[in-house]
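Asker: Take this structure first; my questions come after.
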Amino acid sequence: MKNLDDISELHSDTKVLNLSNNYLSVIRANDFNSLPALVELRLDLNQISSINGTAFHGLSSLKILNLSYNSLSVFPRGAAVSLTNLTHLFLSNNSLRTLCGQGFLHSLTLKELDISLNQLDCGNMSCLAKLTSLNILWARNINTKCPESPLSLTLNLSQLDLSDNKLTNFSFSASGGLISISVDLSGNLFSSPEALANLSPRSLDLRNNPINVTQLLLDLSWAPKLQSITISLKFTSSTSIRSICVALASRHTRSLKLTDIRISGTHGHFQNCSSLYHLDVSWNKFMTATLFSCQKPLWSLRSLQMDHNHIVSLNFCTGKGSVSLPNLTSLSLRSNRIYRVPAEAFNGMPKLWFLSLAGNRIAYIEKMAFLGLGQLNELVLSENAISVLYNSTFQNLSKLTVLKLRNNRLKRLFAHVLSLPTLIKLDLGSNAIEVIQDGSFKGMPNLTDLYLDRNNLQKVTREMFPDLRRLQVLDLASNDLKFSPREVPPFGNLAMLRSLKLQRQQPHGIRSLPSDLFTGLGQLRELYLSNNKLYDLDNLPLSKLTNLTRLEMSDMCNGVARMPNTTFPSLSRLNTLILENFGLNEIEAESFKIPTLYDLVLTNNMLQTIPADFGEFLPRLHHLDIRFNPLACICANEGFRLWALQSRVHVILFYQIKCPSTSVMENKTQLLADGQSEVCRDPTERLAFSISITVVLALLVGGLGYGKGKWYLMYAYYMLRIWLKEIQLHKARPKKYRYDAFVSYSSQDEEWVFTELVPHLERAGDAGGGPGARGCQLCLHHRDFEPGKTIVSNIVEAIYSSRKTLCLVSPRYFNSEWCSMEVQVALYRLFDEKNDLLVLVFLEPPPPWALTSFHRLHRVMRRRTYLEWPREAGEQHVFWARLRLALQLPEREDPEDPGLI
């Protein structure tokens, strides 16, 4: 929930409430008393400086409370009285100075507490000893003023973070010392082993401390159960690495992480770490990976991480031969400077299960590079410069299940290159793939996830997916795909597909879906079609998806002009429907007759009213989002308002939805939830009152105006004449426009537009304009509207950026809601600028009944001439010349037609 500066009423059964990243400054009394079922409350990233003592009364079920990143200086007494079941409390990054003075921690049974980044005094932390159930304590950078004072901590901690506190020494009030599984003391000032005498961890982080780690580790009586240690070594010699390895071997420590090593290579010095299972030397400046000796194997090592170094070659040992790590299962070399993978680079690692070379500069992989990796399960080659794959590149990886090649430079996939029978997940996203040869995915019967998003694919065919009978996820988002009804449905072989992503097809998006496009996808559960330009669903392309549970069709740019009432009701198992910025300007309740629907999102549309019986067709609806619609506070919405107040459906931020102001002089903001019950109760009385008050005011104003304002009216008449003269002078001044004309037409007349209008007007020298004609720049909504912007904004900007508005009127024109809006905007501009801005062309004679709803257009027709499209070919040449003249396009012959406007 975003953009809040206050807390409003929510449903009483709410269990999780996220109010992060808003503008809340005060938590008032009983703000949450209507939420007895609340389990998790997030108030972090606000500006809270004050909390009332009774703010959390009634929240007996609350377990998680997050107040991090606020401005609290004190947690008030009594605020935690009702929080009897609170187990996780986060107070980091505030201005707290005391924890124990108010006593709010005494009554809590916390398991996790975060007090990092505050201004606490360690001498006032004695109350922590009373938290006997505490398991995790985060106290990073608490700016303690007494680095040598004792800390009172519980013995039951499993994780302790005291990093960045400048501590030099500490002891514990509890006898026997502190036993903890994981302790982080990095960024302090510990310099002697005696300072850590009372500490017995299993995992310890001592980075950035001036302590002699080797001396500490050689004391076998200290921390006998130490399993993992993280240290930083700021020296120029590598001799201490050998000493540390010897010390760790004597105490059987299994994990070592070294940072800040200021040498470029170790030349086999880690060969003595014979007891280590896990070695991490990431974030150093190693230029070589020669950590071991080629002379003898290192049997103990299971995991090796060398991320974020400067390594350029894959050589892991010094001396002749190859490295021998017979039990290594995981190897990561992410974010180095490796530019090629040589043959047999990993030959001494027969049990390797995971290998990551992501984020390097690899452009070439030799054919036998992965020889000997018969047990490899996952290979990550993302974010490199690989442009070509060969048939033998992966032939030795007989057990590979995951292959990631995202963010490379692949342009073409050849047949049989990826024939990996055990592969389950293949990621080829964010490359530049234009062509996929038939058979490229042949021989992968176990593949379930295929990612081809963010490539340059222009078409997909059934032959691309011959053996993918088990494929469940197919991501084709952000390509250049187009589908034609004349082609064989491409997904017919994917009977087990569960998720299909087709959003953001470039450059102009999918405009239509063939009726048989989804043939064979009877098991599809999720379909993503957002950020396209669908304008027609008349052929019901979704009707075969009877098992679909989630459908996203947001940001349709131009809006879906025609959508039958059976489009969604045919999806009998649909749970989630997202139609954000879909182009809806009205709702027919039967269009959403979906008995299984649980979540419905209709934000950023042009809805002004919602039918009163809207909820009757959605018996299982739980969440409804109608924000950012111009919903009016009128009686037509009264039925929906009462339903939203009384039903168990959670209408997102219903109490924050504002109605648009009906007058520019109106300052008061009206909320949709407030409604107008009294006014809407009897429509007959309301109508009679409105008529009578209008008549009385008209008679009163008319009589007074004529009797007392006669001379004022005459003065206004002469002022009007002066204003008209100024407008004539304004016409003489040139004005630059982006387009010569905005074309308003029905999508059913689009064929005439592109076969007749565009060739004759936009292409200079064509038949319509003669050899000396200048090309005309037209604005066409399906071609020139800006993607992502709302439809109304596109229409207004296009009309005011064009010198003229050209209306192509046909019987279909009068049935289009968007055409009606375009005419209204054009007429408003016409009456506002008092200029000849509107050109009417009748493709067919309009029926008399059609003009009744377009009365303002009818009035313009009676006062101004217009053009009619001639059926005779001989008359069409004259028609184009007259139309170009009406659009004020210069020609050589400059014909004149005094009857044309």
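Asker: If Leu89 satisfies all but one of (1) modelled with pLDDT of 90 or more; (2) part of a loop (DSSP other than H, G, I, E, B), what's the number of the condition it fails?
Answerer: So the condition that Leu89 fails would be (2).
Asker: Cβ-Cβ below 6 Å, separation at least six or inter-chain, first residue in segment 679-708 and outside the structural domain of Cys633 (by TED's automatic domain parsing) and modelled with pLDDT of 75 or more, second among the small types (Gly, Ala, Ser) and part of a helix (DSSP H, G or I): which pairs?
Answerer: Hits for this filter: zero, empty list.
Asker: Under the condition of being assigned to a loop (DSSP other than H, G, I, E, B) and either at pLDDT below 95 or of a type in the set (Ser, Thr, Tyr) (or both), which residue from segment 327-341 is farthest from the chain's Cα centre (by Cα)?
Answerer: Within segment 327-341, the match that is farthest from the chain's Cα centre (by Cα) is Thr329.
Asker: Say whether the condition of being buried (at least 20 other Cβ atoms within 10 Å of the Cβ), under 37 Å from the mean Cα position of the chain (by Cα) and among the charged types (D, E, K, R) is met by at least one residue in segment 812-823.
Answerer: Scanning segment 812-823 turns up at least one residue that is buried (at least 20 other Cβ atoms within 10 Å of the Cβ), under 37 Å from the mean Cα position of the chain (by Cα) and among the charged types (D, E, K, R).
Asker: Quick check on Lys533: is it among the basic types (Lys, Arg) and surrounded by fewer than 19 Cβ atoms within 10 Å (Cβ to Cβ)?
Answerer: No; evaluated as a whole, the condition is false for this residue.
Asker: Considering each of Met563, Met606 in turn, give the residue that is within 24 Å of the chain's Cα centre (by Cα) and within 20 Å of Thr790 (Cα to Cα).
Answerer: Going through Met563, Met606 in turn, the sole match is Met606.
Asker: I need the full set of residues from segment 187-202 which are in contact with an Asp or Glu (Cβ under 9 Å, 6 or more places away or on another chain) and surrounded by fewer than 21 Cβ atoms within 10 Å (Cβ to Cβ), in order please.
Answerer: Of everything in segment 187-202, those that are in contact with an Asp or Glu (Cβ under 9 Å, 6 or more places away or on another chain) and surrounded by fewer than 21 Cβ atoms within 10 Å (Cβ to Cβ) turn out to be Gly187, Pro193.
Asker: Run down Asp475, Asp453, Asp449 and say which single residue is in contact with a Lys or Arg (Cβ under 6 Å, 6 or more places away or on another chain), modelled with pLDDT of 90 or more, closer than 24 Å to Arg409 by Cβ and crowded, with 19+ Cβ neighbours inside 10 Å.
Answerer: Asp475
Asker: Inside segment 390-402, can you point out the residues that are surrounded by fewer than 20 Cβ atoms within 10 Å (Cβ to Cβ) and either within 32 Å of the chain's Cα centre (by Cα) or aliphatic (A, V, I, L, M) (or both)?
Answerer: Selection gives Thr401, Val402.
Asker: Now for a different question. When residues of segment 795-811 are filtered for being buried (at least 20 other Cβ atoms within 10 Å of the Cβ) and under 38 Å from the mean Cα position of the chain (by Cα), how many remain?
Answerer: The number of residues fulfilling the criteria is 5.
Asker: Restricting attention to segment 52-101, which residues are of a type in the set (S, T, N, Q), more than 12 Å from Glu40 (Cα to Cα) and buried (at least 17 other Cβ atoms within 10 Å of the Cβ)?
Answerer: Thr54, Ser68, Asn70, Ser82, Ser92, Asn93, Asn94
Asker: Could you tell me how many of the residues in segment 792-812 are in contact with a Phe, Trp or Tyr (Cβ under 7 Å, 6 or more places away or on another chain) and part of a helix (DSSP H, G or I)?
Answerer: 3
Asker: Further question on the same structure: Can you tell me how many residues in segment 343-385 are outside any loop (DSSP other than H, G, I, E, B), surrounded by fewer than 19 Cβ atoms within 10 Å (Cβ to Cβ) and under 31 Å from the mean Cα position of the chain (by Cα)?
Answerer: Residues flagged as outside any loop (DSSP other than H, G, I, E, B), surrounded by fewer than 19 Cβ atoms within 10 Å (Cβ to Cβ) and under 31 Å from the mean Cα position of the chain (by Cα) within segment 343-385 amount to 2.
Asker: For segment 464-479, enumerate the residues that are of a type outside the set (Ser, Thr, Tyr) and part of a loop (DSSP other than H, G, I, E, B).
Answerer: Residues satisfying the conditions are Phe465, Pro466, Asp467, Leu468, Arg469, Arg470, Leu471, Gln472, Leu476, Ala477, Asn479.
The values are calculated or read from the model by the stated rules, or taken from the named source; none is laboratory data. Keep in mind it's a predicted model, so treat the numbers as computed, not measured. Virtual Cβ from ideal backbone geometry, glycine too; neighbours counted across all protein chains shown.
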